[in-house]
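Asks: This structure is in structure tokens; I'll ask about it shortly.
The values are calculated or read from the model by the stated rules, or taken from the named source; none is laboratory data. Values in this document were obtained by computation on a predicted structure and should not be read as measured data. Ideal geometry is used to build each Cβ from the backbone, glycine not excepted, and the neighbour counts take in all protein chains shown. For accessibility, only protein heavy atoms count, side chains too; no ligands or nucleic acids. Shrake-Rupley method; radii C 1.70, N 1.55, O 1.52, S 1.80 Å.
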Amino acid sequence: MNWYFRSLGARRIVEFVLLVVFVIFFLGPLLNLLILAVSGKWQYPAALPQSWSLEWWQFVLSQDDVLESISLSFLIATVVTVCSIIVCIPAAYAFARIAFPLSRWFLFSFLLTHAFPKMGLYVSIAVLFYKFGLMNTFLGIVLIHMVNTLMFMTWIPSSAFRSVHRAQEESARDAGAGPLRVFWKITLPMAFPGIMVASIFTFLSSLDEAQGTLLVGIPDFKTMPIIMYSIIADYPNTTGAVFSVILTLPTVILLVAARRFVSADVLAGGFQVK
């Protein structure tokens, strides 16, 4: 055994220990959440629950407001993603392909929505929404969610469009293809991974948004994160764990389904100003 550890070397042993610590740090809370969600009785100092039960799953899923919040959250996230694609993809293409004055500053300005405390920004926007009659409306919620998605849907697709070599587009033009055909057949398919990554982050960001929805949509619009606050405050920890798993599950499923699009290169390229 000692010979085996000496053959590995100190560096690999340290790397393995760091990997174990990293996995425990990130997966430990999630594993604890999953165990708590299916526990019937779990009291200190027991390492594992004394009994297992799904009664709180039945309780959570039997609540009408919970089911309504789940459907409303997915509806809002879908509408926000579609609207963000319609609005931001042309802007991303313009930033990547058209040279105009102060383009880098305009692109950098999309970061400002993430540079200030969200509640302060939302309050300022809510004042405008109140004047235009957008408070407690579906359109107001969609717009407040899109404030958070502009950066994802502009920066990452812009980098994706910029990575498409002009020589490929010019070759298609030389073969007789028009500008629109070149975009649909050459540019858009090659930029699709970046657009897919941005769309996934937009959908998940909208799904998890709570502060803006709470300020603009209450009392008629209650999404999953808002319902979760009341569940955590009024019910046992097990109920909060169950709802947390329900809220986290779409994120895990989407990231696993789109794992071939989500990569470090795409994300790193998406946050470069050139």
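Asks: Restricted to the range 90-113, and to residues that are without any contact (Cβ under 8 Å) to a residue 24 or more places away in the chain and part of a helix (DSSP H, G or I), which residue is farthest from L180 (Cα to Cα)? Reasoning before the result, please.
Replies: From the range 90-113, those without any contact (Cβ under 8 Å) to a residue 24 or more places away in the chain are 90, 94, 98-103, 105-106, 109, 112; that's our starting set.
Filter again for part of a helix (DSSP H, G or I), leaving 90, 94, 103, 105-106, 109, 112.
Numbers: P90: 13, A94: 15, S103: 24, W105: 28, F106: 26, S109: 29, L112: 33 Å.
In this case the residue turns out to be L112.
Quick grid of which residues meet (1) among the basic types (K, R); (2) assigned by TED's automatic domain parsing to the domain that holds Y235; (3) modelled with pLDDT of 80 or more; (4) farther than 14 Å from V245 by Cα:
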{"site": "E15", "(1), (2), (3), (4)": "no, no, no, yes"}
{"site": "L18", "(1), (2), (3), (4)": "no, no, yes, yes"}
{"site": "V23", "(1), (2), (3), (4)": "no, no, no, yes"}
{"site": "S39", "(1), (2), (3), (4)": "no, no, yes, no"}
{"site": "Q43", "(1), (2), (3), (4)": "no, no, no, yes"}
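Asks: Still on this structure, I have one more. Keeping to the range 221-237, report how many residues are open to solvent by 20 Å² or more (accessible area, probe 1.4 Å) and under 16 Å from E55 (Cα atoms).
Replies: Adding up the residues that qualify gives 3.
Asks: Hey, another quick one. Based on this model, can you work out whether F152 counts as exposed (fewer than 15 other Cβ atoms within 10 Å of the Cβ) and of a type in the set (F, W, Y)?
Replies: Considered against the rule, which asks whether it is exposed (fewer than 15 other Cβ atoms within 10 Å of the Cβ) and of a type in the set (F, W, Y), F152 comes out as no.
Asks: Considering R166, R173, which residue is within 14 Å of A96 (Cα to Cα), modelled with pLDDT under 80 and over 18 Å from the mean Cα position of the chain (by Cα)?
Replies: One residue alone meets the criteria, R166.
Asks: Would a scan of the range 178-196 turn up a residue that is open to solvent by less than 70 Å² (accessible area, probe 1.4 Å) and in contact with a Gly (Cβ under 6 Å, 6 or more places away or on another chain)?
Replies: Checking the range 178-196: not a single residue is open to solvent by less than 70 Å² (accessible area, probe 1.4 Å) and in contact with a Gly (Cβ under 6 Å, 6 or more places away or on another chain).
Asks: Take the residues of the range 36-66 that are of a type in the set (S, T, N, Q) and within 28 Å of the chain's Cα centre (by Cα): which is most open to solvent (accessible area, probe 1.4 Å)?
Replies: Once the filter is applied, the top-ranked residue is Q58.
Yes/no per residue for (1) assigned to a helix (DSSP H, G or I); (2) modelled with pLDDT of 85 or more:
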site	(1), (2)
I195	yes, yes
V216	yes, yes
A241	yes, no
L254	yes, no
R259	no, no
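Asks: May I ask you to verify whether G240 is in the same structural domain as I76 (by TED's automatic domain parsing), without any contact (Cβ under 8 Å) to a residue 40 or more places away in the chain and buried (at least 18 other Cβ atoms within 10 Å of the Cβ)?
Replies: It is true that G240 is in the same structural domain as I76 (by TED's automatic domain parsing), without any contact (Cβ under 8 Å) to a residue 40 or more places away in the chain and buried (at least 18 other Cβ atoms within 10 Å of the Cβ).
Asks: Would you mind telling me which numbered condition in (1) under 18 Å from the mean Cα position of the chain (by Cα); (2) modelled with pLDDT of 80 or more; (3) crowded, with 18+ Cβ neighbours inside 10 Å P250 fails?
Replies: The single condition P250 does not satisfy is (2).
Asks: Given (1) surrounded by fewer than 16 Cβ atoms within 10 Å (Cβ to Cβ); (2) touching a Pro at 6+ places or on another chain (Cβ under 9 Å); (3) at pLDDT below 85, identify the lone condition not met by A96.
Replies: All conditions pass for A96, except number (1).
Asks: Oh, and also: Do we have any residue at all in the range 78-85 that's assigned by TED's automatic domain parsing to the domain that holds N148, closer than 30 Å to A191 by Cα and in contact with a Pro (Cβ under 8 Å, 6 or more places away or on another chain)?
Replies: No, the range 78-85 contains no residue that is assigned by TED's automatic domain parsing to the domain that holds N148, closer than 30 Å to A191 by Cα and in contact with a Pro (Cβ under 8 Å, 6 or more places away or on another chain).
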